[in-house]
Amino acid sequence: RTPGEILHASETDPAEVARVAAAMTAGQAVRAELLSRTRHGEEFWTDIDIHPLHDDQGRLTGFVSVETDITERKAQAAALERLAREATEARSRLELAVEALPDGFAYFDAEDRLVLCNARYRAQYPKTGALMRPGARFEELVRAAARLGEAPVSPDRAESWVAARLARHREA
């Protein structure tokens, strides 16, 4: 196909087609991703890499293009984008639901890192509430509570209290 046929058959954004056409008019190399249709009307994506050809006197004589079908890659990228958007929306709904709970709530993952907690939970621990961010380890929070005087224990008994608190936390 000629470059004109490639560009005129494209369903791609007209601005992208104009960018490719302008580069070709200027005799410059250009690369783009173009959405096209087969003669049967099926859409497909092409990564097109166009390079000018010159004769011995440096005159532009034509173009050579390498086209790669990237339809599957584009479909996978769109699916990943959709899944990421759905995950973000689900996370937002979960955070809203947790925040609406009447009691303090905290969720730690299998590695004992804080995934999320609500404001009521942080309010129960005014001295360490600011440390309660996603990724904070449960043990770090317990040790901070003992160090900052938020734990119901004297400083000389802090380490045994931390050990007991961690043991209770690990019980099923």
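The values are calculated or read from the model by the stated rules, or taken from the named source; none is laboratory data. Source: prediction; values computed, not measured. Every residue, glycine among them, receives a Cβ derived from its backbone with ideal geometry; neighbour counts consider all protein chains shown. The area values use the complete protein model at the heavy-atom level, side chains included, leaving out ligands, DNA and RNA. Shrake-Rupley method; radii C 1.70, N 1.55, O 1.52, S 1.80 Å.
Tabulated results
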| read-out | value |
| --- | --- |
| Qualifying residue in region 73-80 (condition: small (Gly, Ala, Ser) and open to solvent by 70 Å² or more (accessible area, probe 1.4 Å)) | no |
| Residue check, residue 78 under 27 Å from residue 151 (Cα atoms), among the aliphatic types (A, V, I, L, M) and without any contact (Cβ under 8 Å) to a residue 12 or more places away in the chain | no |
| Leading residue by the ranking (nearest to the chain's Cα centre (by Cα)) among those in region 4-37 that are modelled with pLDDT of 90 or more and of a type in the set (D, E, K, R) | 33 |
| Any hit, region 99-110, residues being assigned to a loop (DSSP other than H, G, I, E, B) and more than 30 Å from residue 166 (Cβ to Cβ) | no |
| Residues satisfying the stated conditions in region 116-133, i.e. open to solvent by 50 Å² or more (accessible area, probe 1.4 Å) and not hydroxyl-bearing (Ser, Thr, Tyr) | 120, 122, 123, 124, 126, 127, 130, 131, 133 |
| Qualifying residue in region 77-87 (condition: assigned to a helix (DSSP H, G or I) and over 30 Å from residue 46 (Cα atoms)) | no |
| Qualifying residue in region 38-57 (condition: open to solvent by less than 60 Å² (accessible area, probe 1.4 Å), at pLDDT below 85, within 20 Å of residue 72 (Cβ to Cβ) and not in a helix (DSSP H, G or I)) | yes |
| Qualifying positions in region 32-66 - touching a residue at least 60 places away in the same chain (Cβ under 8 Å) and among the acidic types (Asp, Glu) | none |
| Output for region 134-162, where each listed residue is surrounded by 13 or more Cβ atoms within 10 Å (Cβ to Cβ) and within 19 Å of residue 95 (Cα to Cα) | 136 |
| Number of the condition not met by residue 28 [criteria: (1) closer than 30 Å to residue 167 by Cα; (2) part of a loop (DSSP other than H, G, I, E, B)] | (1) |
